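Taking it in order: structure first as C-alpha cells, then the write-up.
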Number of protein chains: 2
Amino acid sequence: MKRAIILLVIVLMALDYGYAQNTEIKEDFVPSELNQPGKQYPMVNSQGYARFRIEAPEATSVRVGLGQGGTILTKGDDGAWWGTTSNPLDEGFHYYHIYVDGGTFNDPGTENFYGSTRQESGIEIPAHDKAFYEERNIPHGNVQQVLFWSNSTNKLKKAFVYTPPTYGIDGKKYPVLYLQHGWGENEYAWWNQGHANLIMDNLIAEGKIEPFIIVMTYGMTNEGFRPGARSQAAPGNRPNGQRPAQNAQRPARSMRLNNGFEAVLCDELIPYIDSHFNTIANKEHRAMAGLSMGGMETHSITLARPELFGYYGLLSGGTYSPEEIANTGVKFVFMGCGSKERPEGVIKAANDLKAAGFNAMSYVSEGTAHEFLTWRRCLYQMAPKLFK
Amino acid sequence: MKRAIILLVIVLMALDYGYAQNTEIKEDFVPSELNQPGKQYPMVNSQGYARFRIEAPEATSVRVGLGQGGTILTKGDDGAWWGTTSNPLDEGFHYYHIYVDGGTFNDPGTENFYGSTRQESGIEIPAHDKAFYEERNIPHGNVQQVLFWSNSTNKLKKAFVYTPPTYGIDGKKYPVLYLQHGWGENEYAWWNQGHANLIMDNLIAEGKIEPFIIVMTYGMTNEGFRPGARSQAAPGNRPNGQRPAQNAQRPARSMRLNNGFEAVLCDELIPYIDSHFNTIANKEHRAMAGLSMGGMETHSITLARPELFGYYGLLSGGTYSPEEIANTGVKFVFMGCGSKERPEGVIKAANDLKAAGFNAMSYVSEGTAHEFLTWRRCLYQMAPKLFK
C-alpha cells in the first residue's frame, strides 16, 4: 500500500510536470532577432521565455545570467548545454552573458552590444508595440560617424549623428538633440540597442514630427575613470582628488559626473556639429536628453549651461524641481521611466513643474524596467514635443 | 657522479630555458590597441608575440586559436589561464577565438569583429608603417550608415559610405569606389578592421589624392546562402539548383558568386548612392575593388557590367587577363596581395596587362599574408591611382 501511494505521488508529479511543461511554456520558439547570421540559438517564444544552447562539450558547468536567479543549463543528448528561463522576460532588449566553468563569456549565437563597460550578448523579446521602431520601406535617414579632435583631452573622439531623410536635400537647417547613453554603454547604444534612427524615420514618415538631428557621443569621458578600469585605479589616480566610492560595486556619482564630459560636449562637440552640419545653432533649437547616467549628465549640464539647451529630457535618470530650473529659460521638460522603476517620482516631479507654470511631461512605459524598451518608448513620446 | 651529471644537465636545461625566455621574448608587453576599454589582456610585445590571460577558474582546458598550432594556456598562480604565442605574429590585424573546454568563445578582453561568418576576437600587432592609418589631428571624413530598400530581396539593406572631409561643404560632386569585404565578413570590415576612412583622411591631408567617396556594403547576399547557414541547408534549398560544394568546409565559389549580389549592387545600391549623394555618376568616376572573395565579386561584376565601372581592383582576389578586359574600356587595373600569398601571380598578370597596352599595376605587401594589413596597404597604394 505504501509503495502504491509513493507510485501514485510519482505519477501525479510526472503528470503535473508534463502539464506545466505543455501548457505553460509554448513550443513556438524562434531565433532571437539579434542572433548572428545563421545562428539558431538563443531562441524566444511568444510568451517571452528564452531558450539557450551552448556548445562546450567538456565543461562541467554552464549558466546564463538571465531570468530570475539566472538559468542553469544542462547537458543534452547532443552534448550541448540547454536551458530555458524559469520565467518570461520583459518585452524588449536585454543584455546578458554566460558563465562557463567559472569564466564570463558571451553567447556565440548573438551579436554583441557594449553595456556594463564590456561587450555583452543581446537578446530581444519582441514587444507588442514594436512597430514604432521596425524597419519599413520608407525614406531612411543616415547615422554618420564623425571624428572630432578634443583639445581638452588631446584625443580624437567619436560621435554618431542621425540626419533625417531630407537632410542635405532640402537645403534646410535642423534643430539638434544631444542624446546620451547610460552607465557602461557607449556612443553606439542609442542607435544599435535603442533604434533611435528607426524611431525617427518612422515618426517622420508618419508626419508626427518635424525632422531633427540627433547627436550621440561617449559620455564616460572622465579621463581618470575609464570604464572597466576602476578596480585597477590607485587612490592617487582618482580624478579631482575625490574620495573612493562608498559602494565598490559601482562608481560614486561624483566620480562619474565631473567637468570632463561637460567640456567635451559643450565646448568641443557642439561647436564641431554646428560648423559641420546644417544646424540651427541656438538654444531654442537645441535639446539634451539621456538615459540613466546620461540623464544625470543631462541634469547637471543643462543646469550648468542653461544658455545652450532649451529642452531637457531625463529617461530613467532623475527629475528636475521647479527651483532648479527657475532661471534656465527652459521650454520643455520630459521625464520618463518604466512602470517597474519608481514612476511616482517622475509623475510627481512633472506635476510640480506644471503647477509652477513650466511646460513639462511625464511618461511611464508600461511593464518595463530599467532597460532599453523603456527608453525607446521615451524617445518616441518625447520627440514630438521637442522644438515646439 | 651519476647524480652530479644529472644535476648538471638539469641546471644547464634550466639555464637554457631561462636564456630562451629572457633573450628571445622581450618583456615589453602592452595591452593590444583593440582591447575593450580598461582591459589589460591580450597583450602584444615589440617582437609581435601575443600573450593571453583568460579567467575560467573551473575549466580543464583553455586554448587560443592563434600562433603556430594555436596557443595552449596553462593555469597560473592567480587561477587564470595564461599563455604566449610560440612565435611572433605578422604585423597587423588578426582574427582569433578561444576554446574553453571544447566550446568556441571570444576573448572577453578584446573588441569583436565580424569574420568567418561570426563575431571574432581581434588583436593588432603594431605595424612599422602604421602611420598611414593612424588617427591624427587633421580634418576627418564621416562614415555614414545608409539603409536602402532592395526590391530584388524585399528587404532593407545596409551600406556604409565614407565621405571626405570637404564633402557637403565645397558643393562638389565626387567619384565613388565600391569596396568589398572578404568571405565571412560584412559591411563593417573595411572601416573597422581596414581603417579605410583613416587611410583616406591621411592621404587627403597629405595632398596625395583627390578625395573620393567609398561605399561598403554586405556582399554575401545570396539569399539562399546566408553565412553560417550552410550546414543546415537542405539540398532543395540550394540557390539556382546548384550542386553541393565539393569541399564541405567552405562553400564552392559558384555558390558564393551568383547574380543576387550583382543585382543588389548594380541595380539598387548604385542608383541609391547616385540619387542620395553628390556623386559624379558615370563609369569614368566609378571604381570597384574588393579583397579575397570581394575580389572575385569585383572580377565577375566588372566584366559583366563594363558600362558601370572604369577602375578595377583585386586585393588578394585573383587576376585579370588581357583577353578578359579586352572590350571593357577599363582605365586602370590594380592587383595586389601579400608577399606570403602568391605574389608571382599578380606580378605576372600586371606585366601581361601592361604588355597588352593596359594601364595596370601590381603591388606586393612585404611580410604579410591573407590578412588586413595587406589590404590596408593595397588601398593606400591603389587610391592615388584611381580616377586619373
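Could you give, in nm with one decimal, how far B:Ala281 is from each other copy of that position, shortest first, with labels 7 Å out from Cα toward Cβ?
3.2
Need the full-extension length gain, B:Asp129 to B:Asp78, defined as separation in residues times 0.36 nm minus the C-alpha distance. One decimal, nm. Could you put the intermediate results ahead of the total?
On the way: separation 51, 0.36 × 51 = 18.36 nm, distance 3.71 nm.
Taking B:Asp129 through B:Asp78 to full extension adds about 14.6 nm, to one decimal.
Find the eigenvalues of the gyration tensor of the Cα atoms of segment A:27-126, then list the square roots of 5 times those eigenvalues as equivalent ellipsoid semi-axes, largest first, in whole angstrom.
On the way: eigenvalues 68, 51, 34 Å².
In descending order, the three semi-axes are 18, 16, 13 Å.
Can you tell me the order of B:326-333, B:131-138, A:138-145 when each peptide is scored by its average per-residue count of other Cβ atoms within 10 angstrom, highest first? Intermediate results must be reported in sequence, preceding the final value.
Working: B:326-333: 16.9, B:131-138: 14.6, A:138-145: 21.4.
So the peptides B:326-333, B:131-138, A:138-145, ranked by packing, come out A:138-145, B:326-333, B:131-138.
For each of A:Phe160, A:Phe372, A:Phe387, count neighbouring Cβ atoms within 10 Å of the residue's Cβ, then give the residues from fewest to most. Write out the running numbers ahead of the final one.
Working: A:Phe160 28, A:Phe372 25, A:Phe387 21.
Ascending Cβ contact count within 10 Å gives the list A:Phe387, A:Phe372, A:Phe160.
Residues of B:111-119, mean number of Cβ from any other protein chain within 10 Å of their own Cβ, rounded to a whole number? It would help to have the intermediate numbers written out before the result.
Working: counts 3, 4, 0, 3, 0, 0, 4, 6, 9.
Neighbouring Cβ atoms belonging to other protein chains average 3 per residue here.
Under a point-charge model restricted to the Cβ atoms of Lys and Arg (+1) and Asp and Glu (-1), what is the dipole moment magnitude of segment A:27-126 relative to its Cα centre, in debye to the nearest 20? Walk me through the intermediate numbers first.
Working: 6 positive and 14 negative charges, 47 e Å.
Computed about the Cα centre, the dipole is about 220 debye.
Which value in nm describes the separation of the simple spin-label points at B:Asp28 and B:Glu323, placed 7 Å from the Cα toward the beta carbon?
5.4
Considering only DSSP beta bridges where both residues belong to segment A:131-385, give the percentage that are antiparallel (nearest 5).
On the way: 13 of 38 bridges.
Counting only bridges with both partners in segment A:131-385, antiparallel ones make up about 35 percent.
Give the separation of the Cα centroids, segment A:288-334 to segment B:103-151, in Å.
When both Cα centres are located, 35 Å separates them.
Quick check on segment B:131-385: what does the Kirkwood estimate of hydrodynamic radius come out to from the alpha carbon pairs, in Å? If you can, show how the numbers build up before the last one.
On the way: mean 1/r = 0.0535 Å⁻¹.
This gives a value of 18.7 Å.
If each label sits 7 angstrom from Cα along the C-beta direction, how far apart, in nm, is A:Glu27 from its counterparts in the other copies?
So the distances to the same position in the other copies read 6.0 nm.
Taking 8 Å as the Cα distance limit and 6 or more residues as the minimum spacing, I'd like the relative contact order of segment A:94-193 as a percentage. Walk me through the numbers before you get to the answer.
Numbers: 115 pairs, mean separation 24.7, N = 100.
Computed over segment A:94-193, the figure is 25 percent.
Using per-residue counts of other Cβ atoms within 10 Å, averaged over each peptide, order B:271-281, A:118-128 from highest down.
Details: B:271-281: 16.8, A:118-128: 20.8.
Peptide ranking by packing, descending: A:118-128, B:271-281.
Between copies, how far apart are the B:Asp129 label points? List them in nm, one decimal, shortest first, with each point 7 Å from Cα toward Cβ, please?
5.7
Using the number of other C-beta atoms within 10 angstrom as an exposure proxy, rank A:Ile325, B:Ile98, B:Ile25 with the fewest first. Intermediate values should be presented prior to the final figure.
Details: A:Ile325 20, B:Ile98 27, B:Ile25 17.
Ordered by Cβ neighbours within 10 Å, fewest first: B:Ile25, A:Ile325, B:Ile98.
Given the alpha-carbon gyration tensor of segment B:62-117, what are the semi-axes of its equivalent ellipsoid in whole angstrom, ordered largest first, with each equal to the square root of 5 times an eigenvalue? Please list the in-between numbers first.
Numbers: eigenvalues 73, 45, 23 Å².
Sorted largest first and rounded, they come to 19, 15, 11 Å.
For segment B:119-198, take the alpha-carbon Rg, divide it by the Kirkwood Rh, and send me Rg/Rh.
Values: Rg = 15.4 Å, Rh = 15.1 Å.
Radius of gyration relative to Kirkwood radius: 1.01.
Inside 10 Å of the C-beta atoms of A:275-284, what's the mean count of C-beta atoms belonging to other chains? If you can, show how the numbers build up before the last one.
On the way: counts 1, 6, 2, 1, 0, 0, 0, 0, 0, 0.
Average per residue, whole number: 1.
With an 8 Å cut-off on Cα pairs and a minimum separation of 6 or more residues, tell me the relative contact order of segment A:27-126 in percent. Provide the component values of the computation, followed by the final result.
Values: 227 pairs, mean separation 28.3, N = 100.
Once divided by the residue count of segment A:27-126, the mean separation gives 28 percent.
Using the count of nearby Cβ atoms within 10 Å as a rough guide to exposure, how do A:Asp77, B:Asp170, A:Asp352 rank from fewest to most? The partial results should precede the final answer.
On the way: A:Asp77 6, B:Asp170 12, A:Asp352 16.
Exposure proxy ranking, most exposed first: A:Asp77, B:Asp170, A:Asp352.
Across peptide B:141-153, what mean number of C-beta atoms from other chains lies inside 10 Å of a residue's C-beta?
Details: counts 4, 11, 7, 9, 10, 5, 12, 1, 6, 1, 1, 0, 0.
Partner Cβ neighbours, averaged per residue: 5.
Throughout, read-outs are computed from the coordinates displayed, never taken from laboratory work. Note that the coordinates shown come from a computational prediction; the quantities given were computed from them, not determined experimentally. Glycine gets a Cβ as well: all are built from the backbone with ideal geometry, and neighbour counts include every protein chain shown.
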